[in-house]
Amino acid sequence: MKVSSSSSPERLNSHLARLLAAGTWASCSLIMIGMLSPEFGLSQRLGGAHFVSTGIVLLIMLPTVRVATMAVWFLINADRDFALVAALVLAIIVASTLFGANAP
């Protein structure tokens, strides 16, 4: 296991914070556009429900994107132990999504 420098965890946290903030703002913006589109008569042309659905899906995907980003970060920094843990968590998330989608 590679011993990281003290700035590497702070860089990772900063990168993740920016990623999650941007994703949250994008998600909230899409939901807001979808909710306000009928007020401006745009629901038939743009499909306000699609904006809301896309915003909700983006909001739900943010934790998964965070885990995937951490796995890539650890691989780049040659921290194989943490990369393996992040990859296992990502595999569990993907498997539960796939098996949960096919449940009766």
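Listed values, structure above:
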| read-out | value |
| --- | --- |
| Candidates A78, A101, A21 - the one that is of a type in the set (A, V, I, L, M, F, W, C), at pLDDT 90 or above and out of contact with any Gly (no Cβ under 8 Å at 6 or more places or on another chain) | A21 |
| Contacts under 7 angstrom Cβ, first residue in region 39-53 being under 20 Å from W25 (Cα atoms), partner in a loop (DSSP other than H, G, I, E, B) and modelled with pLDDT under 80, 6 or more apart | G48/L42 |
| Exclusive hit being hydrophobic (A, V, I, L, M, F, W, C), within 13 Å of the chain's Cα centre (by Cα) and in a helix (DSSP H, G or I), set L36, L58 | L58 |
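The values are calculated or read from the model by the stated rules, or taken from the named source; none is laboratory data. Keep in mind it's a predicted model, so treat the numbers as computed, not measured. FYI the Cβ positions are ideal-geometry reconstructions off the backbone, even for glycines, and counts take in every protein chain you see.
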